[in-house]
Amino acid sequence: VQLQASGGGLVQAGGSLRLSCAASGSSYAMAWFRQAPGKEREFVARITWGGGSTYYVDSVKGRFTISRDNAKNTGYLQMNSLKPEDTAVYYCAAGRYSTNTLNYGYWGQGTLVTVSS
């Protein structure tokens, strides 16, 4: 499985971005993680293969929405009401439905999101 993340960029606080993750073919759960400078990679959101179940880290609940379109082999992360603390490189991953990076065997290359205050 190969993953290609895109959609990052520079946005002002309060703005929105939609990240995409194109997969070469996946019957796995999908997740988004992020890594800010000097910090460890952290879980952001996950979704089951069928899309029927999702889970978010508390800091993004109500602002971010994870979704997927299996017909297009693409996952998405809609990010609204962005805050400067959301600034990070965002990675999509495919694997077991989990919040742990160790359960995801496939990773995209990352896309940078910068939120200015």
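The values are calculated or read from the model by the stated rules, or taken from the named source; none is laboratory data. All values derive from a computational prediction rather than experimental measurement. Cβ coordinates were reconstructed from backbone atoms using ideal geometry, including for glycine residues, and neighbour counts include every protein chain displayed. Just the protein is used for accessible areas: all its heavy atoms, side chains included, with ligands, DNA and RNA removed. Shrake-Rupley method; radii C 1.70, N 1.55, O 1.52, S 1.80 Å.
Which one is nearest to C92 (Cα to Cα) among residues in the stretch 42-67 that are polar (S, T, N, Q) and part of a strand (DSSP E or B)?
As a first pass, look at the stretch 42-67 and keep what is polar (S, T, N, Q): 48, 53-54, 59, 65, 67.
Okay, now just the ones that are also part of a strand (DSSP E or B), so 54, 65, 67.
Numbers: T54: 15, T65: 14, S67: 12 Å.
Top of the filtered list is S67.
Can you find, within the stretch 20-38, the residue that is nearest to A71 (Cα to Cα) among those that are among the polar types (S, T, N, Q) and not in a loop (DSSP other than H, G, I, E, B)?
S20
Starting from residues that are outside any strand (DSSP E or B) and in contact with a Ser or Thr (Cβ under 7 Å, 6 or more places away or on another chain), keep the ones in the stretch 1-19 and report whichever is most open to solvent (accessible area, probe 1.4 Å). I'd like the intermediate steps shown before the answer.
Taking the stretch 1-19 and keeping what is outside any strand (DSSP E or B), we get 1-2, 7-8, 13-16.
Those left that are additionally in contact with a Ser or Thr (Cβ under 7 Å, 6 or more places away or on another chain): 1-2, 7-8, 13-14.
On the way: V1: 58, Q2: 141, G7: 34, G8: 35, A13: 54, G14: 55 Å².
Ranking the qualifying residues of the stretch 1-19, first place goes to Q2.
Which condition number in (1) among the polar types (S, T, N, Q); (2) farther than 16 Å from T111 by Cα; (3) open to solvent by less than 30 Å² (accessible area, probe 1.4 Å) is the one that S67 fails?
Of (1) among the polar types (S, T, N, Q); (2) farther than 16 Å from T111 by Cα; (3) open to solvent by less than 30 Å² (accessible area, probe 1.4 Å), only one is false for S67: (3).
Take the residues in the stretch 72-117 that are of a type in the set (G, A, S), crowded, with 17+ Cβ neighbours inside 10 Å and more than 16 Å from L17 (Cβ to Cβ); name whichever of them is nearest to the chain's Cα centre (by Cα).
Top of the filtered list is A93.
Please determine, by comparing only the residues of the stretch 78-117 that are in contact with a helix residue (DSSP H, G or I) (Cβ under 7 Å, 6 or more places away or on another chain) and either at pLDDT below 95 or in a loop (DSSP other than H, G, I, E, B) (or both), which one is farthest from R34 (Cα to Cα).
This residue is S117.
Within the group A71, A22, A29, which residue is of a type outside the set (F, W, Y) and free of Cβ contacts under 8 Å to residues at least 40 places away in the same chain?
When all the criteria are applied, what remains is A71.
Of all residues being more than 12 Å from the chain's Cα centre (by Cα) and of a type in the set (A, V, I, L, M, F, W, C) in the stretch 30-56, which is least open to solvent (accessible area, probe 1.4 Å)? Just the residue, please.
Here the answer is A36.
Among (1) assigned to a strand (DSSP E or B); (2) under 14 Å from L3 (Cβ atoms), where does K72 come up short?
(1)
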